[in-house]
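To start, the structure itself, in C-alpha coordinates.
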Amino acid sequence: MAEPVAAKPASRRLKQFVLKPTVFCYHRCPYCDLRQDYYREMVADRKRSLHIVSTNGQSAEQQPARKPNPGHMPLDMALRTIEEAAELGMEELQLSGGDPLLYPHLIEVIQAAKRHPGVFVLMNSVGTGVTVAKAREIIEAGLGAWNFSIDTLDPLKYELLRGVRDALPTILDAVHTVREAGRGRDVAEFRMNYMTVITRLNFRDIPEIVAHCVDTGIASIYLMNVYGDTTGKSLLTEPEIREFRGETVPSILDILRSKNTADIVQANAAQVLASFFSADNSDANYAQGVYWPDRESARIACHVPDYYALIEPDGRTLPCCLVEISHEGEIGNVMDRSLTEVFTGEDADKFRRERIPFCQKCPSPRNRTLGLVPYMCRQFRD
(Lines give C-alpha, C1' and ligand atoms only; values in the text may rest on other atoms or scores of the structure.)
Protein backbone atom coordinates (compact mmCIF):
# COMPACT_ATOMS: atom_id res chain seq x y z
CA MET A 1 0.00 0.00 0.00
CA ALA A 2 1.38 3.39 -1.01
CA GLU A 3 2.47 5.88 1.63
CA PRO A 4 -0.04 8.75 2.02
CA VAL A 5 1.17 12.00 0.46
CA ALA A 6 1.50 14.86 2.94
CA ALA A 7 -1.15 17.48 2.33
CA LYS A 8 0.05 20.86 1.12
CA PRO A 9 -0.82 23.68 3.53
CA ALA A 10 -4.30 24.82 2.51
CA SER A 11 -3.87 28.39 3.65
CA ARG A 12 -0.20 29.35 3.50
CA ARG A 13 -0.03 33.09 4.16
CA LEU A 14 2.20 35.49 2.27
CA LYS A 15 2.72 37.98 5.09
CA GLN A 16 5.76 39.84 3.72
CA PHE A 17 5.64 40.76 0.06
CA VAL A 18 8.62 42.48 -1.57
CA LEU A 19 8.53 44.25 -4.91
CA LYS A 20 11.74 45.32 -6.60
CA PRO A 21 10.25 47.59 -9.22
CA THR A 22 13.61 48.66 -10.66
CA VAL A 23 17.22 47.48 -10.77
CA PHE A 24 18.57 51.01 -11.04
CA CYS A 25 20.31 52.48 -8.00
CA TYR A 26 22.15 55.63 -6.96
CA HIS A 27 24.88 53.71 -5.10
CA ARG A 28 27.57 51.23 -6.14
CA CYS A 29 28.17 49.25 -2.95
CA PRO A 30 31.13 46.83 -3.29
CA TYR A 31 29.42 44.00 -1.35
CA CYS A 32 26.51 44.24 -3.82
CA ASP A 33 28.59 43.08 -6.81
CA LEU A 34 26.98 39.63 -6.98
CA ARG A 35 23.52 41.21 -6.86
CA GLN A 36 24.48 43.55 -9.70
CA ASP A 37 25.67 40.55 -11.73
CA TYR A 38 22.25 38.97 -11.19
CA TYR A 39 20.55 42.16 -12.36
CA ARG A 40 22.75 42.42 -15.45
CA GLU A 41 21.79 38.90 -16.52
CA MET A 42 18.14 39.71 -15.82
CA VAL A 43 18.14 42.91 -17.86
CA ALA A 44 19.91 41.18 -20.75
CA ASP A 45 17.29 38.41 -20.76
CA ARG A 46 14.49 40.98 -20.57
CA LYS A 47 15.94 42.99 -23.45
CA ARG A 48 15.96 39.87 -25.63
CA SER A 49 12.37 38.98 -24.75
CA LEU A 50 11.15 42.54 -25.31
CA HIS A 51 12.87 42.63 -28.70
CA ILE A 52 11.18 39.38 -29.71
CA VAL A 53 7.76 40.61 -28.57
CA SER A 54 8.08 44.07 -30.10
CA THR A 55 9.22 42.87 -33.52
CA ASN A 56 7.10 39.72 -33.82
CA GLY A 57 4.98 40.33 -36.90
CA GLN A 58 5.02 44.11 -36.53
CA SER A 59 6.30 46.75 -38.85
CA ALA A 60 8.36 49.62 -37.49
CA GLU A 61 5.24 51.85 -37.70
CA GLN A 62 3.17 49.35 -35.65
CA GLN A 63 5.66 49.13 -32.77
CA PRO A 64 5.02 51.32 -29.70
CA ALA A 65 6.76 54.70 -29.79
CA ARG A 66 8.11 54.25 -26.27
CA LYS A 67 9.53 50.83 -25.54
CA PRO A 68 9.36 49.36 -22.01
CA ASN A 69 12.47 49.82 -19.90
CA PRO A 70 13.88 46.32 -19.25
CA GLY A 71 15.12 47.43 -15.82
CA HIS A 72 11.66 48.57 -14.64
CA MET A 73 8.75 46.37 -13.61
CA PRO A 74 5.68 46.71 -15.86
CA LEU A 75 3.01 48.57 -13.91
CA ASP A 76 0.28 46.05 -14.74
CA MET A 77 2.36 43.24 -13.24
CA ALA A 78 3.06 45.25 -10.07
CA LEU A 79 -0.64 46.02 -9.58
CA ARG A 80 -1.75 42.47 -10.33
CA THR A 81 0.70 40.85 -7.94
CA ILE A 82 -0.23 43.29 -5.16
CA GLU A 83 -3.86 42.19 -5.51
CA GLU A 84 -2.83 38.53 -5.46
CA ALA A 85 -0.56 39.10 -2.46
CA ALA A 86 -3.45 40.70 -0.59
CA GLU A 87 -5.59 37.62 -1.27
CA LEU A 88 -2.75 35.50 0.16
CA GLY A 89 -2.75 37.50 3.42
CA MET A 90 -0.18 40.25 2.77
CA GLU A 91 0.51 42.30 5.89
CA GLU A 92 3.52 44.24 4.62
CA LEU A 93 4.63 45.50 1.23
CA GLN A 94 8.33 46.34 1.05
CA LEU A 95 9.61 48.32 -1.92
CA SER A 96 13.28 47.79 -2.58
CA GLY A 97 15.66 47.61 -5.50
CA GLY A 98 17.65 49.18 -6.92
CA ASP A 99 16.06 52.33 -5.58
CA PRO A 100 12.25 52.59 -5.85
CA LEU A 101 12.57 56.36 -6.10
CA LEU A 102 13.74 55.79 -9.69
CA TYR A 103 10.58 53.85 -10.58
CA PRO A 104 8.10 56.01 -12.55
CA HIS A 105 4.99 54.34 -11.04
CA LEU A 106 5.96 54.46 -7.37
CA ILE A 107 2.87 56.41 -6.24
CA GLU A 108 0.44 54.06 -8.02
CA VAL A 109 2.07 51.03 -6.41
CA ILE A 110 1.88 52.46 -2.88
CA GLN A 111 -1.73 53.50 -3.38
CA ALA A 112 -2.63 50.04 -4.68
CA ALA A 113 -1.26 48.40 -1.53
CA LYS A 114 -2.96 50.87 0.80
CA ARG A 115 -6.35 50.08 -0.69
CA HIS A 116 -6.12 46.91 1.40
CA PRO A 117 -6.82 47.67 5.09
CA GLY A 118 -4.00 46.88 7.49
CA VAL A 119 -1.22 46.63 4.89
CA PHE A 120 1.94 48.45 6.00
CA VAL A 121 4.12 49.86 3.20
CA LEU A 122 7.82 50.55 3.65
CA MET A 123 10.52 51.59 1.21
CA ASN A 124 14.29 51.23 1.08
CA SER A 125 15.67 54.32 -0.66
CA VAL A 126 18.68 56.58 -0.27
CA GLY A 127 16.45 59.47 -1.39
CA THR A 128 18.93 61.10 -3.76
CA GLY A 129 17.51 64.34 -5.14
CA VAL A 130 14.12 63.99 -3.46
CA THR A 131 12.22 67.24 -2.87
CA VAL A 132 9.86 68.04 -0.01
CA ALA A 133 6.96 68.02 -2.47
CA LYS A 134 7.86 64.62 -3.88
CA ALA A 135 8.50 63.12 -0.44
CA ARG A 136 5.17 64.48 0.80
CA GLU A 137 3.40 62.94 -2.21
CA ILE A 138 4.99 59.56 -1.44
CA ILE A 139 4.08 59.75 2.24
CA GLU A 140 0.52 60.87 1.53
CA ALA A 141 0.12 57.96 -0.90
CA GLY A 142 0.43 55.72 2.16
CA LEU A 143 4.12 55.08 2.85
CA GLY A 144 4.54 53.98 6.47
CA ALA A 145 8.34 53.89 6.72
CA TRP A 146 11.26 55.22 4.71
CA ASN A 147 14.45 53.22 5.32
CA PHE A 148 17.76 54.99 4.65
CA SER A 149 21.08 53.18 4.30
CA ILE A 150 23.50 54.84 6.74
CA ASP A 151 26.64 52.84 7.55
CA THR A 152 28.80 55.58 9.05
CA LEU A 153 28.80 59.32 9.67
CA ASP A 154 32.33 59.62 8.29
CA PRO A 155 32.03 61.07 4.74
CA LEU A 156 35.16 59.39 3.37
CA LYS A 157 34.26 55.98 4.74
CA TYR A 158 30.73 56.32 3.45
CA GLU A 159 32.04 57.05 -0.05
CA LEU A 160 34.12 53.87 0.09
CA LEU A 161 31.19 51.80 1.35
CA ARG A 162 28.69 53.22 -1.14
CA GLY A 163 30.88 53.71 -4.19
CA VAL A 164 29.85 57.28 -5.11
CA ARG A 165 31.21 60.72 -4.29
CA ASP A 166 29.52 62.97 -1.72
CA ALA A 167 27.19 60.12 -0.80
CA LEU A 168 26.88 61.01 2.89
CA PRO A 169 25.89 64.70 2.59
CA THR A 170 23.49 63.68 -0.17
CA ILE A 171 21.69 61.09 1.93
CA LEU A 172 21.67 63.28 5.04
CA ASP A 173 20.06 66.02 2.93
CA ALA A 174 17.44 63.47 1.88
CA VAL A 175 16.82 62.48 5.51
CA HIS A 176 16.26 66.15 6.37
CA THR A 177 13.94 66.60 3.36
CA VAL A 178 11.84 63.55 4.20
CA ARG A 179 11.65 64.63 7.85
CA GLU A 180 10.29 68.00 6.74
CA ALA A 181 7.79 66.30 4.43
CA GLY A 182 6.57 64.03 7.21
CA ARG A 183 6.44 66.68 9.90
CA GLY A 184 3.09 66.94 11.60
CA ARG A 185 1.83 63.56 10.44
CA ASP A 186 0.51 60.97 12.89
CA VAL A 187 3.57 59.06 14.17
CA ALA A 188 1.58 55.85 13.88
CA GLU A 189 1.46 56.40 10.12
CA PHE A 190 5.01 57.37 9.17
CA ARG A 191 8.51 56.97 10.54
CA MET A 192 12.12 56.93 9.31
CA ASN A 193 14.57 54.10 9.95
CA TYR A 194 18.23 53.49 9.20
CA MET A 195 19.74 50.34 7.71
CA THR A 196 23.36 49.64 8.66
CA VAL A 197 25.64 46.88 7.39
CA ILE A 198 28.30 45.93 9.97
CA THR A 199 31.58 45.87 8.04
CA ARG A 200 35.28 45.94 8.85
CA LEU A 201 35.39 49.60 7.84
CA ASN A 202 32.52 50.90 9.96
CA PHE A 203 31.86 48.64 12.97
CA ARG A 204 33.61 51.06 15.35
CA ASP A 205 31.34 53.87 14.10
CA ILE A 206 28.04 52.23 15.06
CA PRO A 207 27.89 53.81 18.56
CA GLU A 208 28.06 57.25 16.91
CA ILE A 209 25.25 56.29 14.54
CA VAL A 210 23.11 55.13 17.46
CA ALA A 211 23.69 58.41 19.30
CA HIS A 212 22.81 60.36 16.16
CA CYS A 213 19.59 58.36 15.71
CA VAL A 214 18.46 58.94 19.29
CA ASP A 215 19.17 62.66 18.98
CA THR A 216 17.33 63.04 15.66
CA GLY A 217 14.29 60.84 16.30
CA ILE A 218 15.11 57.95 13.95
CA ALA A 219 12.74 55.14 14.93
CA SER A 220 15.09 52.18 14.55
CA ILE A 221 18.27 50.82 13.02
CA TYR A 222 18.15 47.56 11.09
CA LEU A 223 21.58 46.03 11.70
CA MET A 224 22.83 43.66 9.01
CA ASN A 225 25.76 41.33 8.63
CA VAL A 226 27.91 41.45 5.50
CA TYR A 227 26.55 39.36 2.62
CA GLY A 228 28.03 38.28 -0.69
CA ASP A 229 31.61 39.28 0.14
CA THR A 230 33.76 37.00 -2.01
CA THR A 231 37.01 38.87 -1.29
CA GLY A 232 36.83 39.10 2.51
CA LYS A 233 37.47 42.85 2.43
CA SER A 234 34.24 43.75 4.24
CA LEU A 235 34.01 40.85 6.69
CA LEU A 236 35.26 41.35 10.24
CA THR A 237 38.34 39.34 11.19
CA GLU A 238 38.29 37.16 14.31
CA PRO A 239 40.06 39.83 16.45
CA GLU A 240 37.61 42.45 15.14
CA ILE A 241 34.67 40.20 16.03
CA ARG A 242 35.99 39.98 19.58
CA GLU A 243 36.43 43.76 19.60
CA PHE A 244 32.85 44.21 18.46
CA ARG A 245 31.61 42.08 21.35
CA GLY A 246 33.98 43.52 23.95
CA GLU A 247 34.01 47.22 23.03
CA THR A 248 31.44 48.21 20.40
CA VAL A 249 28.45 46.56 22.06
CA PRO A 250 29.14 47.96 25.56
CA SER A 251 29.69 51.41 24.03
CA ILE A 252 26.28 51.29 22.32
CA LEU A 253 24.57 50.22 25.54
CA ASP A 254 26.35 52.99 27.47
CA ILE A 255 25.08 55.56 24.96
CA LEU A 256 21.49 54.34 25.28
CA ARG A 257 21.76 54.58 29.07
CA SER A 258 23.37 58.02 29.02
CA LYS A 259 20.62 59.35 26.76
CA ASN A 260 17.92 58.03 29.08
CA THR A 261 16.20 55.92 26.45
CA ALA A 262 13.25 53.83 27.61
CA ASP A 263 14.00 50.69 29.63
CA ILE A 264 12.38 48.57 26.93
CA VAL A 265 14.76 50.07 24.35
CA GLN A 266 17.82 49.26 26.46
CA ALA A 267 16.64 45.72 27.21
CA ASN A 268 15.90 45.08 23.55
CA ALA A 269 19.29 46.52 22.54
CA ALA A 270 21.15 44.19 24.91
CA GLN A 271 19.30 41.22 23.43
CA VAL A 272 19.73 42.31 19.82
CA LEU A 273 23.43 43.12 20.10
CA ALA A 274 24.21 39.86 21.90
CA SER A 275 22.79 37.96 18.93
CA PHE A 276 25.48 39.23 16.55
CA PHE A 277 28.44 36.84 16.21
CA SER A 278 26.73 34.55 18.73
CA ALA A 279 28.30 31.39 20.12
CA ASP A 280 26.19 28.93 18.09
CA ASN A 281 28.66 29.49 15.22
CA SER A 282 32.43 29.84 15.33
CA ASP A 283 34.28 33.13 14.91
CA ALA A 284 36.35 31.44 12.21
CA ASN A 285 33.14 30.79 10.26
CA TYR A 286 31.87 34.34 10.72
CA ALA A 287 35.20 35.73 9.50
CA GLN A 288 34.76 33.72 6.28
CA GLY A 289 31.16 34.77 5.73
CA VAL A 290 29.76 31.40 6.84
CA TYR A 291 26.89 32.19 9.22
CA TRP A 292 25.69 28.66 10.00
CA PRO A 293 27.68 25.53 10.87
CA ASP A 294 25.58 23.42 8.46
CA ARG A 295 22.62 23.74 6.11
CA GLU A 296 20.19 22.17 8.56
CA SER A 297 21.04 24.81 11.19
CA ALA A 298 20.25 27.50 8.63
CA ARG A 299 16.96 25.84 7.71
CA ILE A 300 15.86 25.56 11.33
CA ALA A 301 16.76 29.20 12.04
CA CYS A 302 15.13 30.68 8.95
CA HIS A 303 11.35 30.66 8.44
CA VAL A 304 11.37 33.45 5.85
CA PRO A 305 10.35 31.28 2.83
CA ASP A 306 7.21 30.22 4.71
CA TYR A 307 5.71 33.73 4.57
CA TYR A 308 7.80 35.76 2.11
CA ALA A 309 8.07 36.30 -1.64
CA LEU A 310 10.11 38.77 -3.67
CA ILE A 311 9.29 39.77 -7.25
CA GLU A 312 12.04 41.06 -9.54
CA PRO A 313 11.32 43.60 -12.31
CA ASP A 314 11.04 40.82 -14.91
CA GLY A 315 8.70 38.68 -12.80
CA ARG A 316 11.22 36.25 -11.36
CA THR A 317 10.05 35.21 -7.93
CA LEU A 318 12.42 34.49 -5.04
CA PRO A 319 11.80 32.88 -1.63
CA CYS A 320 14.31 35.26 0.00
CA CYS A 321 16.36 38.28 -1.04
CA LEU A 322 19.72 36.51 -0.80
CA VAL A 323 18.85 34.32 -3.80
CA GLU A 324 20.10 37.33 -5.78
CA ILE A 325 23.53 36.68 -4.29
CA SER A 326 23.50 32.89 -4.71
CA HIS A 327 22.08 33.07 -8.27
CA GLU A 328 20.04 29.94 -7.56
CA GLY A 329 16.77 29.26 -5.79
CA GLU A 330 14.19 31.02 -7.97
CA ILE A 331 10.72 29.51 -7.47
CA GLY A 332 8.95 30.71 -10.61
CA ASN A 333 7.98 33.72 -12.66
CA VAL A 334 4.76 35.71 -12.33
CA MET A 335 4.98 36.74 -15.98
CA ASP A 336 3.55 33.35 -16.93
CA ARG A 337 1.91 32.11 -13.70
CA SER A 338 -0.11 33.68 -10.92
CA LEU A 339 1.62 34.63 -7.69
CA THR A 340 -0.61 32.14 -5.89
CA GLU A 341 0.59 29.31 -8.14
CA VAL A 342 4.22 30.28 -7.63
CA PHE A 343 4.03 30.83 -3.86
CA THR A 344 2.18 27.56 -3.22
CA GLY A 345 3.88 25.58 -5.99
CA GLU A 346 6.26 22.64 -5.85
CA ASP A 347 9.42 24.69 -6.49
CA ALA A 348 8.60 26.91 -3.50
CA ASP A 349 7.85 23.90 -1.30
CA LYS A 350 11.08 22.21 -2.39
CA PHE A 351 13.08 25.29 -1.40
CA ARG A 352 11.36 25.34 1.99
CA ARG A 353 12.17 21.66 2.56
CA GLU A 354 15.70 21.45 1.23
CA ARG A 355 17.18 24.97 0.93
CA ILE A 356 20.36 25.54 -1.07
CA PRO A 357 24.07 25.36 -0.20
CA PHE A 358 24.27 29.17 -0.01
CA CYS A 359 21.92 29.15 2.99
CA GLN A 360 24.97 28.52 5.19
CA LYS A 361 26.37 31.84 3.97
CA CYS A 362 23.11 33.75 4.39
CA PRO A 363 23.20 36.23 7.29
CA SER A 364 19.57 37.29 6.96
CA PRO A 365 18.18 35.31 9.95
CA ARG A 366 20.88 36.89 12.12
CA ASN A 367 20.01 40.48 11.15
CA ARG A 368 18.09 42.38 13.84
CA THR A 369 16.26 45.67 14.42
CA LEU A 370 17.52 47.97 17.15
CA GLY A 371 14.34 49.79 18.14
CA LEU A 372 14.86 53.32 19.52
CA VAL A 373 11.39 54.94 19.69
CA PRO A 374 8.95 52.40 21.18
CA TYR A 375 5.69 53.82 19.85
CA MET A 376 7.15 53.87 16.33
CA CYS A 377 8.48 50.29 16.40
CA ARG A 378 6.12 47.45 15.72
CA GLN A 379 8.25 44.91 17.62
CA PHE A 380 7.41 46.76 20.85
CA ARG A 381 3.69 46.62 20.13
CA ASP A 382 3.37 42.97 19.02
Problem - Solvent exposure, largest accessible area first (probe 1.4 Å, DNA, RNA and ligands not counted), of Leu160, Leu223 - result: Leu160, Leu223
Exercise for the section: Just subtract the alpha-carbon distance of Ser258 and Arg165 from 0.36 nm times their residue separation and send over the number in nm, one decimal. Expected result: 30.0 nm
Exercise for the section: Please work out the FRET efficiency for the pair Asp215 and Lys350, using the Cβ-Cβ distance as r and a Förster radius of 35 Å; give the result to the nearest 0.05. Expected result: 0.15
Practice task
Once you've got the GNM for the chain with C-alpha springs shorter than 10 Å, pick whichever of Leu106, Leu372, Leu93 has the biggest mean-square fluctuation.
Solution key: Leu106
Handout entry: For peptides 313-319, 129-135, sequence by mean Cβ density within 10 Å, most packed first
Key = 313-319, 129-135
Exercise for the section: Pull out the extension gain between Glu208 and Glu238, defined as 0.36 nm times the separation in residues minus the alpha carbon to alpha carbon distance; nm, one decimal. Expected result: 8.5 nm
Fill in the blank from the handout: When the chain is treated as a Gaussian network with springs between alpha carbons less than 10 Å apart, the largest mean-square fluctuation among Val164, Val226, Val121 is found at Val164
Exercise for the section: Would you kindly compute the Cα radius of gyration of the range 261-382 and its largest Cα-Cα separation (Dmax), both in Å? Expected result: 17.0, 51
Problem - Expected 222 nm ellipticity per residue - DSSP helices of 4 or more, -39500 (n - 2.57), all of the chain, to 500 - result: -11500 deg cm²/dmol
Fill in the blank from the handout: A chain fully extended from Ile107 to Arg28 at 0.36 nm per residue, minus the present Cα-Cα distance, gains in nm 25.9 nm
Handout entry: Accessible area of the range 115-232 divided out per residue, in Å², using a probe of 1.4 angstrom
Key = 39
Practice task
Using Cα pairs closer than 8 Å and at least 6 residues apart in sequence, work out the relative contact order for the chain, in percent.
Solution key: 21
Practice task
Name the shape class, rounded, prolate or oblate, that the alpha-carbon gyration tensor gives for the range 131-259, where a ≥ b ≥ c are the square roots of its eigenvalues, rounded holds for a/c under 1.5, and otherwise prolate holds if a/b is larger than b/c and oblate otherwise.
Solution key: prolate
Problem - For the range 122-190, convex hull volume per residue from C-alpha positions, Å³ - result: 81
Exercise for the section: Taking H placed 1.01 Å from N in the peptide plane, check which residues at least 5 places from Arg200 or on another chain put their amide H under 5 Å from its amide H. Expected result: Leu235, Leu236
Problem - Estimated translational D of the range 60-199 in µm²/s (Stokes, Kirkwood radius over Cα pairs; 25 °C; 0.890 mPa s) - result: 149
Problem - Per-residue SASA entry for His212, accessible area with 1.4 Å probe, Å² rounded to 10 - result: 40
Completion exercise
Rounded to a whole %, the carbon-and-sulfur portion of the accessible area of the chain at a 1.4 Å probe is 51
Exercise for the section: Can you figure out the FRET efficiency of Glu247 with Glu296, using R₀ = 35 Å and their beta-carbon distance, to the nearest 0.05? Expected result: 0.55
Exercise for the section: Give a residue-ordered list of calculated ³J(HN,Hα) values for the range 352-360 (Karplus: 6.51 cos²θ - 1.76 cosθ + 1.60, θ = phi - 60°; whole Hz; x for Gly, Pro). Expected result: 4, 6, 9, 6, 10, x, 4, 3, 5
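The values are calculated or read from the model by the stated rules, or taken from the named source; none is laboratory data. Not measured: the values here are computed from a predicted model. Please note: Cβ atoms are built from the backbone with ideal geometry, for glycine as well, and neighbour counts cover all protein chains shown. The area values use the complete protein model at the heavy-atom level, side chains included, leaving out ligands, DNA and RNA. Shrake-Rupley method; radii C 1.70, N 1.55, O 1.52, S 1.80 Å.
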